[in-house]
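Have a look at the structure below before the remarks.
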Amino acid sequence: MIAETQGIRIRHRGREPQVHPTAYIAPTATLVGDVRVGPRARVMYGAVLDAEGSRIEVGEAAVICENAVLRGSAVAGDQPVLVDDHVFVGPHATLLGCEVGRCAYVATAATVLQCARLGAGSVVAVGALVHARTVLPDEYFVPPHTVALDAPVRLLAPGDPGLAEAVGRVGFAQVAFGVDAEWTDRINRYEHIAEVRVAEFGAHADDEVLNLG
C-alpha cells in the first residue's frame, strides 16, 4: 500500500518530520520536530511524537497505536526515542528518551522511561513500567502492572514495601531532567522539574504547523 502522508506535522527548533512514502500517519496524529518515520510504519489516531531538542526514529513496519506518546529530550543530555523495526507500541503507551529493540512489544498503557533499553523481542505488558536506565535483555517479559528496574533487571510489584526505596535509588530527576535534589525533598524536587519543562516546552512558541492533515 502506498499511503499519502497525513497527520499534523510541525516544524520545531528548525527541524521538521520526515515520513517515508509507504508509511501511514493518521489524520489526528501529531509529529513535532526531528521525527523520522520509516517504511510501512503506522502511526495511528491521536498519537504524539515530539522530538523536542533530540529526535525520534520509527523503524520499518513499526506500529504506534492510538494516543501513544513518544517524546525525546535534550535537557539532561541527548535522549532520543529510537524504535526499531517491527515494534508494536500499544494504545496510551508512553516512551520517553528510550531505545526499543526490533520486534519488541510495548502493551497498552505501558511506560518506558529515559535511558532505558528494551532488547529485541522483549515485552512490556499492560500497565507495566520500565524505569530510567533499566536494560531488558532480548525476549524478556515484564508482567502486567509491575515495575522493572536496574541492569541487570529486577521486577517489583506495585505493593512491594521496597519499591519506593528502589525507585529513589534510580536517580530519576537527575537522569530525566538534570535536577539534583534529594528524593525526600519533594517540593524542591518537583519545583525544579517543572521549571525545566517550562523552559523546554517554551521553545514551542516558535513552532510552525506545516499542514493540517
Quiz prompt | Calculated [θ] (222 nm, deg cm²/dmol) that DSSP helices of n ≥ 4 give over the chain, each run adding -39,500 (n - 2.57) | solution = -4500 deg cm²/dmol
Quiz prompt | Accessible carbon and sulfur surface of the range 1-138 relative to its total accessible area, %, 1.4 Å | solution = 52
Self-check item: the range 58-137: C-alpha gyration tensor shape, a/c 1.5 cut-off, then a/b vs b/c
Solution: rounded
Quiz item: With charges set only on the Cβ (+1 for Lys and Arg, -1 for Asp and Glu), what does the dipole of the range 7-102 come to about its Cα centre, in debye to the nearest 20?
Solution: 240
Quiz item: Extension gain Gln18-Arg186, at 0.36 nm per residue separation less the Cα-Cα distance, in nm?
Solution: 56.5 nm
Practice problem: With +1 on each Lys and Arg Cβ and -1 on each Asp and Glu Cβ, and nothing else charged, work out how big the dipole of the range 113-197 is about its Cα centre, in Debye to the nearest 20. | Solution: 120
Self-check item: the range 93-152, relative contact order [Cα under 8 Å, separation at least 6], %
Solution: 29
Exercise. Would you mind checking the tilt of helix 186-202 against the longest principal axis of the Cα atoms of the chain, expressed as 0 to 90 degrees and rounded to 10?
Key: 10
Quiz item: Which ³J(HN,Hα) values, rounded to whole Hz and listed in residue order, are derived for the range 118-134 from phi using the Karplus coefficients 6.51, -1.76 and 1.60 in 6.51 cos²θ - 1.76 cosθ + 1.60 with θ = phi - 60°, glycine and proline given as x?
Solution: 9, x, 4, x, 6, 10, 10, 6, 3, x, 7, 10, 9, 7, 4, 6, 6
Practice problem: Would you please classify the overall shape of the range 123-213 from the alpha carbon gyration tensor, given that a ≥ b ≥ c denote the square roots of the eigenvalues, rounded means a/c under 1.5, and beyond that prolate means a/b larger than b/c while oblate covers the rest? | Solution: oblate
Quiz item: How far is the Cα center of the range 165-179 from the Cα center of the range 86-144, in Å?
Solution: 19
Self-check item: Length-normalised contact order of the chain in % [C-alpha pairs under 8 Å, at least 6 apart]
Solution: 14
Self-check item: Three-way shape label, the range 78-119, alpha-carbon gyration tensor, a/c 1.5
Solution: oblate
Exercise. Within the range 100-134, which residues have the backbone N less than 17 Å from the label spot 7 Å out from Leu163 along Cα→beta-carbon, could you tell me?
Key: 109-113, 125-132
Quiz item: Given Cα pairs under 8 Å that are at least 6 residues apart, what percent is the relative contact order of the range 28-67?
Solution: 48
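The values are calculated or read from the model by the stated rules, or taken from the named source; none is laboratory data. This one's a predicted model, so the numbers in the text were calculated from it and none came from an experiment. Neighbour counts are summed over all protein chains in view; Cβ atoms, including those assigned to glycine, are modelled from backbone coordinates with ideal geometry. Note: areas computed on protein heavy atoms with side chains; ligands, DNA, RNA excluded. Shrake-Rupley method; radii C 1.70, N 1.55, O 1.52, S 1.80 Å.
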